[in-house]
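Worksheet for the structure shown next.
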Amino acid sequence: MKKNLTSLLLAILCAFFGVTDASAFLMADASALAAAVNEGASARATAGVENQGVHTMTDKNVGLVTDTTRLGSPDLIDDPIDQLICKMFQSGIALDQIGRHLQQVKQNGMRYSFWSVDTRPIESVTTARVGNVANATTIALPVANVNIFDKTDIIVVPSVRGYEFNSATTSRESYLVPLVLYVQTIDSQNGTLICQAVNGKYATTGSLIPNIPQSTKVYRLGHAASEGDVQTTPYAALPEPDELFMQIFKTQVMESTISIDSEKKVNWSLADQQELALYNMRKEIELSYIYGVKGYFRDLNTKRYVYTCSGVIQQILEKGTVIPLTLSTMTESSLLTDVVKTIFLGNSGSASRYMFAGSDFVAKVGGLGNVSKQIDATQVFRKFGVDWKSIQFMSWQLNLYQHPLLDQIGLSKCAIVLDLPHVRKNVFRSLTNDVLDLIKSGVFDGKSTVWTEISSIGLKYPKCHAFIYDTTQFAPVATAETNL
């Protein structure tokens, strides 16, 4: 079959260039291959009489060997191909995994309230300084790698402080809520993302965007679809109410009928693409459950309204237990007095809580005396489909999981502690898939599947949960508001 395709290709080329004899092309090829054999000195070679093929002569008792064959006719030997494709998945969807094991609360709307008692790579960097231009509500954000982003992506800018929801007041110092942007469109030619702010400075025309310095790191969280979207591009006190928003998560796989029917060198099917797409969607949900910011705004490009869910970091920063520290100076004593006691005292949470930590945090804590001994002595235990290491502090227990995604979003020196009995996954629509009949609709000759989940993660009794951050790594600052 390969030979027939080669002949067909040569015929097309000859017809295009007006050549009636294809030997003119083959002559150069045969001579060049013979020269390659002679240069390798594995045999003496010459092109055929009519420049067809390569003829070799070898010394006595040597004969034709594979090295000479590869030089004279590179495609002659059919090397075996491993049919098993290596799919490299990270174990980085722990929060999403746990949410599917916890109690899921069915909600009947995109907004919901609850009452509680007080107590596709993801990182890039800006290539130029940008900011609000003449009070415009959108900016062209130049990034080093525009290809990792997509329309409707949510982007977090950890080093730039955002604003309170629909407020002209800069977030209070204790909140440290970073700026979050929404990607309307992508200008690939100029390497920029056309963005609007999710939590920018409130104005009657929309959310104004603070200045973003050059070389600022930005992280892609995940898609935020608007209502109506079917397709997307191929998380003794009086009780007080709190309101959270749902987010529409989507992923889609499309493949043409011809591509599906084409013979491939390895076992790669539509099902394999669907498996990867579904994992990527769960990874986006995980990132949104961690770093998302509550938002409700209109896409200025499509004129549709979009909800974004609040991640656990925002919920803890606003009402939970926040523990700033300098990781490099932490000792076993300060771990107990400044971290563990703060986590467990002052609230009526569980005596056993779950910690998701970055690699630097785990390395530092794991090297401290008593903690190191416990980690070495205890066995890994599996719960909610995740492997944990248990660390005991008197009657308190921290179950430790090193979360790889924290490193990827610049939080390797930070940790999140959750009291799982006070965590709820709120679901408007559970994870479902829809097979679109695009052939009948005349849109696309192929198969397409769309997965959709409308959900969010909610922390009840926020004081039971903690965010531990290194002040040298997580410290959003207010940038100047002057126009460029």
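Which residues, taken from region 361-397, are charged (D, E, K, R), over 28 Å from R100 (Cβ atoms) and either at pLDDT 85 or above or not in a helix (DSSP H, G or I) (or both)?
K364, K373
Can you name every residue in region 49-76 that is modelled with pLDDT of 70 or more and either farther than 14 Å from V37 by Cα or among the basic types (K, R) (or both)?
Correct list: V49, E50, N51, Q52, R70, D75, L76.
Could you please let me know if K294 is basic (K, R) and modelled with pLDDT under 90?
no
So which residues in region 460-484 are modelled with pLDDT under 90 and assigned to a strand (DSSP E or B)?
Within region 460-484, V477 is the sole residue that qualifies.
Please enumerate the residues belonging to region 398-433 that are assigned to a helix (DSSP H, G or I) and within 18 Å of the chain's Cα centre (by Cα).
Of everything in region 398-433, those that are assigned to a helix (DSSP H, G or I) and within 18 Å of the chain's Cα centre (by Cα) turn out to be P404, L405, L406, D407, Q408.
Yes or no, residue by residue, for (1) at pLDDT 85 or above; (2) among the aliphatic types (A, V, I, L, M); (3) not in a helix (DSSP H, G or I):
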residue	(1), (2), (3)
F249	yes, no, yes
Q252	yes, no, yes
E263	no, no, yes
L276	yes, yes, no
R282	yes, no, no
S288	yes, no, no
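Considering only region 236-253, I want to know if a residue exists there that is out of contact with any Cys (no Cβ under 9 Å at 6 or more places or on another chain), surrounded by fewer than 17 Cβ atoms within 10 Å (Cβ to Cβ), within 25 Å of D434 (Cβ to Cβ) and not basic (K, R).
Scanning region 236-253, I find no residue that is out of contact with any Cys (no Cβ under 9 Å at 6 or more places or on another chain), surrounded by fewer than 17 Cβ atoms within 10 Å (Cβ to Cβ), within 25 Å of D434 (Cβ to Cβ) and not basic (K, R), so the answer is no.
Counting just the residues of region 114-133 that are among the small types (G, A, S) and at pLDDT 80 or above, which one comes out farthest from I290 (Cα to Cα)?
Among residues in region 114-133 that are among the small types (G, A, S) and at pLDDT 80 or above, the one farthest from I290 (Cα to Cα) is A128.
Pairs needed: first member in region 333-350, at pLDDT below 90 and surrounded by fewer than 20 Cβ atoms within 10 Å (Cβ to Cβ); second member anywhere, of a type outside the set (S, T, N, Q) and in a helix (DSSP H, G or I); C-beta distance under 8 Å; at least 6 residues apart or different chains.
G346/K463; S348/C464
Restricting to region 290-328, count the residues that are in a strand (DSSP E or B), out of contact with any Asp or Glu (no Cβ under 6 Å at 6 or more places or on another chain) and under 19 Å from Y112 (Cα atoms).
Selection size over region 290-328: 6.
So for region 220-227 (the condition being in a loop (DSSP other than H, G, I, E, B), more than 25 Å from A475 (Cα to Cα) and touching a Ser or Thr at 6+ places or on another chain (Cβ under 8 Å)), does at least one residue qualify?
Among the residues of region 220-227, at least one is in a loop (DSSP other than H, G, I, E, B), more than 25 Å from A475 (Cα to Cα) and touching a Ser or Thr at 6+ places or on another chain (Cβ under 8 Å), which makes the answer yes.
Quick check on region 329-360: of everything there that is among the small types (G, A, S) and part of a loop (DSSP other than H, G, I, E, B), which residue is nearest to I468 (Cα to Cα)?
The extreme case among them is G358.
Each row is one residue, and each column tells you yes or no for (1) small (G, A, S); (2) under 30 Å from S159 (Cβ atoms); (3) touching an Asp or Glu at 6+ places or on another chain (Cβ under 9 Å).
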residue: T378; (1), (2), (3): no, no, no
residue: K389; (1), (2), (3): no, no, no
residue: Q397; (1), (2), (3): no, no, no
residue: L438; (1), (2), (3): no, no, yes
residue: W451; (1), (2), (3): no, no, yes
residue: P476; (1), (2), (3): no, yes, no
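The values are calculated or read from the model by the stated rules, or taken from the named source; none is laboratory data. Note that this is a predicted model, so its numbers are computed, not measured. No Cβ is skipped: glycine too gets one built from the backbone with ideal geometry, and neighbour counts run over all protein chains shown.
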